[in-house]
1. Here are Tyr217, Tyr151: which of them is of a type in the set (Ser, Thr, Tyr) and farther than 22 Å from Glu70 by Cα?
2. Could you list, ordered by first residue, the pairs with Cβ atoms under 6 Å in which the first is in the stretch 75-102 and acidic (Asp, Glu) and the second is modelled with pLDDT of 85 or more and part of a strand (DSSP E or B), at least 6 apart or interchain?
3. Let me confirm something: among Gly32, Gly55, Gly75, Gly79, which residue is modelled with pLDDT under 95, of a type outside the set (D, E, K, R), farther than 15 Å from Gln116 by Cα and surrounded by 15 or more Cβ atoms within 10 Å (Cβ to Cβ)?
4. Mind counting the residues in the stretch 186-217 that are assigned to a strand (DSSP E or B) and at pLDDT 95 or above?
5. Please specify each residue of the stretch 60-87 satisfying the condition of being in a strand (DSSP E or B) and within 13 Å of Cys45 (Cα to Cα).
6. Modelled with pLDDT of 90 or more, buried (at least 16 other Cβ atoms within 10 Å of the Cβ) and assigned by TED's automatic domain parsing to the domain that holds Val47: is that true of Lys152 in this structure?
7. Which ranges mark the strands (runs of 3 or more DSSP E) fully within the stretch 88-131 that have 2 or more residues being among the aromatic types (Phe, Trp, Tyr) and in contact with a helix residue (DSSP H, G or I) (Cβ under 8 Å, 6 or more places away or on another chain)?
8. Would you confirm whether or not the stretch 159-180 contains a residue that is in a loop (DSSP other than H, G, I, E, B), among the polar types (S, T, N, Q) and on the phi < 0 side of the Ramachandran plot?
Amino acid sequence: MRTSRTLPVLGAVLLALPLLAACGSKDSTDSGSDTVAITATDTACKVAKTELSAGEAHFAVTNKGNKATEVYVYGEHGGTYTKVVTEAENIGPGTSRDMKVKLGGGTYEIACKPGQAGDGIRQKITVEGAKADDEAEEAYDREVEVEAKEYKLEGLDKFTAKAGEKIEFKLENEGTAEHELEIFGPDGKEVGEVSPVKPGATGEAVITLAKPGTYTYKCGIGDHADKGMKGSFIVS
């Protein structure tokens, strides 16, 4: 009698094992399969996968360094990788940040910037598939030229815009040090930036000024803003 009770129970357990194994296998395969890990340290920028397919890319950034860092994805512009496609800033030591972006076919550079300064530690990636529609991506309503030098940002003192306008900000560095242009919306959150530009060079970024209100701008490198490289403008 004892044996006859045990065998049906044992048979049920054996039948359930393949189902449990199948469920476990599926979970482990699907979890994070479309996520590319980026490990940033004070001396390295390790990208787990450097060949991707066109479409939405999901990067998971972890800062294992001792300094706050920021991570950029740069596209090619004029033979150099200076076009900011997306970014994640203020990633503190020991913290992580997700970064999603739609990428067309081509080559890009991922830059980790320990200390949130300079050109960063770069890793090239290749995206296979159709190229992005550059004309649609770069479409803008008008262009504004801004001149940077020690320690002024000239060209925005009389600038105004209407809510919803897409402006190409072109930063011309006439100084002797690197400068950048960061723009913040009425809520204080950054809406875009022209990344650091070397002396004698020019950088640009298309930024949408979505909401009305007072916007502020500055050069975020070192103490440049404290020395006068900052200001504000109105979007109506």
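The values are calculated or read from the model by the stated rules, or taken from the named source; none is laboratory data. The structure presented is a predicted model; accordingly, all values stated were derived computationally and were not measured. Here the Cβ positions follow ideal geometry from the backbone for every residue, glycine too, while neighbour counts run over all protein chains shown.
1. Tyr151
2. Matching pairs, first to second residue: Glu87/Tyr72; Glu89/Glu70; Asp98/Ala60.
3. Details: Gly32 fails: surrounded by 15 or more Cβ atoms within 10 Å (Cβ to Cβ); Gly55 fails: surrounded by 15 or more Cβ atoms within 10 Å (Cβ to Cβ); Gly79 fails: surrounded by 15 or more Cβ atoms within 10 Å (Cβ to Cβ).
Going through Gly32, Gly55, Gly75, Gly79 in turn, the sole match is Gly75.
4. Of the residues in that region, 6 qualify.
5. Of the stretch 60-87, the ones in a strand (DSSP E or B) are 60-63, 69-77, 80-87.
Those that are in a strand (DSSP E or B) and within 13 Å of Cys45 (Cα to Cα): Ala60, Val61, Thr62, Asn63, Thr69, Glu70, Val71, Tyr72, Val73.
6. no
7. In the stretch 88-131, there are no strands (runs of 3 or more DSSP E) which contain 2 or more residues that are among the aromatic types (Phe, Trp, Tyr) and in contact with a helix residue (DSSP H, G or I) (Cβ under 8 Å, 6 or more places away or on another chain).
8. yes
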